[in-house]
Structures are given as structure tokens and as C-alpha cells.
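Take a look at the structure below.
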Amino acid sequence: MMNKSVVGSAALMLGVCAPLTVGFAQTADEAKPAEAESGMAATTDTEGAEPLRLGTVSVTATLNPVRTFSFPGMVSVVGRDRILSQMASSPDDVLKLVPGVEFAGGPRRTGEVPSIRGFSGPDVVVLLDGARQNFNAGHDGRFFIDPSLLREVEVLRGSSSSLYGSGGTGGVIALRTVNAEDFLSPWERYGYSVSTGYQSVNREKVGTVTVFGRPTDELDIVASVTRRASGSIELGDGTKRDRSDDDIVSALFKAGVEVADFHHVEASFQRFDNDAEEPNNGQGAGDTNLVEKDIRSDNWRLSYRYDDPGNHLVNLDAVLYYTATRADELRLDGNGLGPAGELLERDVDTTGFRIDNRSRFMLGETAGVTFTYGMEGYGDKQAGAAGGGPRDGVPDAETEFFGVYSQAEVKMSRPLGVLPGEAVIIPGIRYDHYEATSAISSGNEDQAVSPRIGVSYMPTTWSLLFANYGKAFRAPAVDELFLDGIHFPLFLGIVNRFVANPDLRPQKTKTFEFGGGFNFQDVVTPGDYFEVKVSHYRIKGEDFIDLDVIQPEPFVDCNPIVVPGSCDGTTRSVNVPQAELRGTEVEMSYEDDRLRLGLGFSTVDGENEITGEKLGVLTPPELTVDAALKLPEFDSVAGWRMIAASEFDKTTDPAEIRGGYAVHDIFYAWQPAQGPLAGLRLDLGIDNVFDKAYDRVFTTSREPGRNYKALVSYTQRW
């Protein structure tokens, strides 16, 4: 139960949001998200004119549709077209070209975990159709949905606690599932789509069946199920990553109804079920300590939207959700901490809601403002067991979060009455209260205020300067607060034990970011579009949460034979007083009727400012290329992708040094627009064309080798 001070603070925060002015003006950036569904929005000024490409649109950055170019920060949108052309089979495939995003944990699907700007785990907010995905296990993944069910993915990089609360230190990954409108034209009512595919690197077979319909103008329905089965992974050095078997079923059912004019209700259920056989640590390079791993995640969601274009005071969104994730592991051998046949269990349930509203006003003749304000609450409950008793490192615990937030988007022409062009000022603030409890140790309770301000200035229609400053925080996770039991065994009875630290303080950051960009129309050919955006950021951290592993060296620091137990070590979460991370990101794109080109660059560095020790999921300078040649004469697109990284030496541990690499992919898509084969689509590709053997940072296993891919799909609508 929330105390009175929390309720009072909530009332105060919402009161600050109360609008003081009347009037309204629609601004240029208030486009609907659907206009950028495939990444590049397009429209025409007059009949017969060349298409006017407006760039991508984000709804995650501000909770309102905003052009990614004009937002004072870095946000990327991966549309369904790219997801399909990549024949993505994992979240890593979907996001591998986004600057500032890195996946660690090795090639096994269950081990893949994302990092943004050096932050990972609970420092990154993951949303699925607005529902928080809070499952965080040390060696298991975070994404429990098949890419075939996704319509788009947004990545908001940098401080975002002013809107999203705890975990907004690294950024936000927002996944959105398909709707019926993604398949149907306005005049169509029903349809279906079937597909089947194969990739050679792990002998993976996939099949998807989707049905969708709009029986009436008020009702839309989509149902989809994907089955994916794979085996051992062939690596670039000619070896195999054995014990990597996955058998996945991922399903989605979603129905939306217009219950009255401007009132829309949507309900959805999404399930991910993976029966895998792999090591207990799916991120490891070994193939012992085997388990039969059953991961199931169920997401129940109910949302409501009120969107009346004529009502400038109320534009409401609300979502209520429940997520249940189960990770059961049955030991297949006795090489771990327990005997063969022992069942390891980890259950995480999340229940939450979010409500926000928008009010729009005029501030004179040349400026308008959109106020966004709301509240969010959610709770996590974790339960662990091993052989029917307590499970080491998985404490039974609960957390509660409650936050209120407000934000203003002020858009004005001729700033200060004298400057040319336009400016956007986005101040925001959020208050959060959280509490974690467990029977293992005393609880942890705290609160945080997360302010942020961003400014974009466009002196011309084709240029941009921006800067932002924000505070963010991340509450300690229950696995950090209440660690208990044995971490790992050595020999002669020596063990390393977890030690609880219920006094952990929240991790806090202050981020300053600045950058600029250009975008042009009609650069080389009529109607083409060129855009580039560059950002540099510096993050000052207080009380970074780090894992402190202390293990005496047997017969050097201690003698376990003479003094039993003297060589036992400890693993404990601790706060690092001061830390700094810094980095640079570049995104560039060009598109015309014949060519699509995207370039990305990123690098991040960081250290403990007191000891000088490197800190964070650091990355080397990395360049990505995504080029496609459009061949409308043949109803085709052909392309090439590349990821190139320099040597990674931002570490004091020689074992973590990684050599540089360049990995190339090629792809081809054929989709007849008319004739007897209309509705058919063929995708072909080769990943890692030159079978490069390479290692990514903070990963003990090499990456997959050459991979031949094919996907055939057929869609009918009427």
C-alpha cells in the first residue's frame, strides 16, 4: 500500500500539468505513427508530383508522434519491411544495425541480451505493446516473442526515466505486434498469410500462419502462430556450438473494436514457448551442465484509446497488462550444483498499468504546446525453487513501483522573435517510489525524481542543432538485493557464495548530449531524400550497481586443507560511487526510387572514476551499412549489409580483448505485384558471406558462420 506522502506527491505532479492557456494549433510534426510504418513516410504535395519523403516517425520518444530527425536525441525505428527482408529469427537479427545497440551472450537464442550505450539488464526498459517485460535472469534472454509477429521496433537511446521511470538509464526498446491494418487495404475485409523458411547455420525450419480480418468498420482481428525448430550452431571457425536445440511456438491473438465514436478498445494475448536443450548457462561456450529448458511467457493486455481530433483537451491512452514468465530447467547430468533430474524453477509475474493524456494549446500566434501527463504502476513477483526447495541466486521477492510524470512539447517559429527557423523545447519530470521485499533479508525502499529537458533548433528546413540533459535512475533488482546461496563451486569443497546487500542504493545518472544534422530533398534525383544525424553524449553515474566477486586463490591466499573454508569466496552487489560513460553515434540514410542506403556508427567508453577500471558493456568503434537496390522492373529488391568493428581493447582483462572484424550479408526479395503469382513473396539471403570467424565483446563463444537463408510466403486478401 502506498503511503500518504507518495499519494500527495502524485497529486502535486499531476497538478503541475494542469493547462493554463486555451486555444490550439496543429503542428507539422503531429503525424500519425502509421505514416511511417515501413520506416520512411511519404506523401505528395499535388497530384502527379514526386513523393515527399518525411522521414521516420517515433511515438516512444515523447509518447506523441514526432519525427525522429527533429527529436532532441537519438531514436531509431525498425519497420516491418526491414524485419521481413532480414528474415529475422531473433531480436539480435532485428536490431543488429541500430547504432549504440549491442547484443552479448553468444549465439544461443536464449542467451542473447541487449545493451544500449553501455547499459544492459534492468538498465534497459523493454516494452511489448506497452507492457513492461521485467524478466531478468543472469544467463537467460529478455525477449520472448518471435520476430514474425512484429510490425516495428523502436529504440530510444539515452536518459529516459522522465517518462519511463526505473531502467531508463540506457534507454527503451519498444516492440509492437502486427495489426489487421498491416495486411489489409481500406477496401479489403479478410485475408490470410502462410510462410515457410529455412536457414543452414543451425538447420532451422520455420513456419507461420496468420489470419486477419475486418468484418465491420469498427472491428479488426488478427491471429498468428509461428513454429521454429533449430539445432547446433555452426561457427565461423569451423566448429559447432553443440547443445543449442530450440523448439519454439510463438502465438498472438489481438482484437480491436471501436465501441463508440473515437473510443477504441483492444485486447491481446501473446504466448512464447521454447523447449530448449542447452547448458544451464546458455551464454557459455561449453556443452556440459546440460538442462532441458522450458521457457514460457504469457502476455495479457487490455488497452483503451480516446482520440477525437476535435477535442484538444483529452487525448487519452491507457493499458492494463499481466505478464507471466516461467523458466524451468531439468538437469540432464550431474556436472552442475545439483544431481541429474533436479528441477530448477524461476517464475516472474508482472502486473501493471499506464494512463496518460495529452492536452494541446496555442501560446500566441507562433507557438503551440502539447502537455502529456499521466501515471504508471507495476509490481513484480519472483519465485525460485530447486528440487522443491530454495534455489541459489533466485530469491523469492516482490517489488512495487508507482510513478507520475508530466511533459511539455513547445513548438515555435521564429524563436525569441528574432531567430530564423523553428525550435522545439521538451521539458519533463517524473516522480517514482519503489519498494522491494523478501523473506531472505530486510527490504529496500526509496524514491527518485527524474527531470529532463531537450531543445531542438532548426534554423532552416534542412538543418538541426539539438541538446538535452536528463537525470535517470534504476532501482536495485531483487537478484542484486537478496542474493543467497552458492554462486559456483571450485574443487576440494571450495565454493563461492552469494551475499545479500539490502542496503543497495539506486543507480543514478546525469546525461548531457548534443548533436546536429541535415536533411535534404532532391539531392541527386527528383524526390529523393538524404538525412544525417550525429550525437555525442557524456554520462556521469553515481552508485553504479556492480557485481563484486572475491575469490581467494587456493594455496596462494589460503590453504583449504589446513583451514577448511578459508578459500571460500563471495559474490555481492555493490555501489560504485562515481563512473563515467561517453560515446558518439551517427545515423545516415538516403532513399530514392532506385536506391536505399543506411549508414550507422557508434562507440562507447567508460570507467570507474576512482579506480580507473573499465565499467559497462563497452564496445569498439563500429560501422554498419544497409544498402538496397530497387528493381521494380523485376518486382525485386537486392541488397548488401555489413557490420565492421575495430579491435576492442577497452579492458584491463586480456581475456576480454577482441580482434576487429567485418561481416557481410547479402539478400534478395521478389514479390510479384500482379498476375497469377500476385501474393507470393520469395526472400533469399546469405549471412556472413565469407564465413568470418569473429567474437563480440563480453561473449565467451564465437559467432555463427556462413548462413544460407530462404523464406517463401503467400498472402491472399479480399
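The values are calculated or read from the model by the stated rules, or taken from the named source; none is laboratory data. Predicted model, so just to flag it, every value in this text is computed and none were measured. Because the Cβ atoms are built from the backbone with ideal geometry, glycine has one as well, and the counts that use them run over all protein chains shown.
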Looking for whichever is within 23 Å of R108 (Cβ to Cβ), surrounded by 16 or more Cβ atoms within 10 Å (Cβ to Cβ) and of a type in the set (A, V, I, L, M, F, W, C) here; the options are V663, V637. Which one fits?
V663
Which pairs have Cβ atoms under 9 Å, sit 6 or more apart or on different chains, and link a residue in the stretch 185-213 that is surrounded by 15 or more Cβ atoms within 10 Å (Cβ to Cβ) and at pLDDT below 95 to one that is among the charged types (D, E, K, R) and part of a loop (DSSP other than H, G, I, E, B)?
none
Can you name the condition, by its number, that F401 falls short on among (1) crowded, with 17+ Cβ neighbours inside 10 Å; (2) under 30 Å from D522 (Cβ atoms)?
(2)
Residue, modelled with the lowest pLDDT, within the stretch 496-513, restricted to residues that are out of contact with any Lys or Arg (no Cβ under 6 Å at 6 or more places or on another chain), among the charged types (D, E, K, R) and not in a loop (DSSP other than H, G, I, E, B):
R497
Given G256, G238, which one is out of contact with any strand residue (DSSP E or B) (no Cβ under 7 Å at 6 or more places or on another chain) and in contact (Cβ under 8 Å) with a residue 12 or more places away in the chain?
G238
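Results for (1) within 23 Å of the chain's Cα centre (by Cα); (2) of a type in the set (G, A, S), shown as yes or no for each residue.
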residue	(1), (2)
E587	yes, no
L595	no, no
A644	yes, yes
Y668	no, no
D691	no, no
G138 vs. criteria at pLDDT below 95, in contact with a strand residue (DSSP E or B) (Cβ under 7 Å, 6 or more places away or on another chain) and not polar (S, T, N, Q)
no
Residue check, Y164 against (1) in contact with a Ser or Thr (Cβ under 7 Å, 6 or more places away or on another chain); (2) at pLDDT 95 or above; (3) within 29 Å of R354 (Cβ to Cβ), all met but one. Which one?
(1)
Subset tally (residues that are within 27 Å of W300 (Cα to Cα), assigned to a loop (DSSP other than H, G, I, E, B) and among the polar types (S, T, N, Q)) for the stretch 171-207:
1
Is it fair to say K411 is assigned to a strand (DSSP E or B) and within 30 Å of G338 (Cβ to Cβ)?
no
Residue satisfying condition, being closer than 17 Å to G167 by Cα and at pLDDT below 95, within set P107, P114
P114
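For every residue, the table says whether it meets (1) surrounded by fewer than 23 Cβ atoms within 10 Å (Cβ to Cβ); (2) touching a Pro at 6+ places or on another chain (Cβ under 9 Å); (3) over 24 Å from G165 (Cα atoms).
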{"position": "S438", "(1), (2), (3)": "yes, yes, no"}
{"position": "S441", "(1), (2), (3)": "yes, yes, yes"}
{"position": "Y469", "(1), (2), (3)": "yes, yes, no"}
{"position": "F482", "(1), (2), (3)": "no, yes, no"}
Kindly check whether there is at least one residue in the stretch 139-160 that is under 20 Å from T399 (Cα atoms) and crowded, with 24+ Cβ neighbours inside 10 Å.
no
Looking at V524, is it more than 27 Å from N281 (Cα to Cα), in a strand (DSSP E or B) and not small (G, A, S)?
no
From the options G493, G454, residue that is on the phi > 0 side of the Ramachandran plot and either of a type outside the set (D, E, K, R) or outside any strand (DSSP E or B) (or both):
G493
Among the candidates A408, A423, A397, A385, residue that is among the aliphatic types (A, V, I, L, M) and within 23 Å of K510 (Cβ to Cβ):
A408
Here the residues within the stretch 469-490 that are assigned to a strand (DSSP E or B) and among the β-branched types (V, I, T) are I486
Hey, T611 of a type outside the set (A, V, I, L, M, F, W, C), surrounded by fewer than 19 Cβ atoms within 10 Å (Cβ to Cβ), in contact (Cβ under 8 Å) with a residue 24 or more places away in the chain and assigned to a loop (DSSP other than H, G, I, E, B) or not:
no
Would you be able to say whether some residue in the stretch 245-260 is buried (at least 18 other Cβ atoms within 10 Å of the Cβ), modelled with pLDDT under 95 and in a loop (DSSP other than H, G, I, E, B)?
no
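The rows are residues; the columns are (1) touching an Asp or Glu at 6+ places or on another chain (Cβ under 9 Å); (2) surrounded by fewer than 19 Cβ atoms within 10 Å (Cβ to Cβ); (3) among the charged types (D, E, K, R); (4) closer than 16 Å to V424 by Cβ.
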site	(1), (2), (3), (4)
L330	yes, yes, no, no
N335	no, yes, no, no
R346	yes, no, yes, no
T350	yes, no, no, no
F353	yes, yes, no, no
T366	no, yes, no, yes
V369	yes, no, no, yes
May I ask you to say which residue of L330, L337 is within 28 Å of D245 (Cα to Cα) and not in a strand (DSSP E or B)?
L337
Top-ranked residue of the stretch 520-544 - restricted to ones that are over 29 Å from the mean Cα position of the chain (by Cα) and acidic (D, E), ranked as surrounded by the fewest Cβ atoms within 10 Å (Cβ to Cβ)
D522
Taking into account only those residues within the stretch 108-150 that are in a helix (DSSP H, G or I) and of a type in the set (D, E, K, R), which is nearest to the chain's Cα centre (by Cα)?
D123
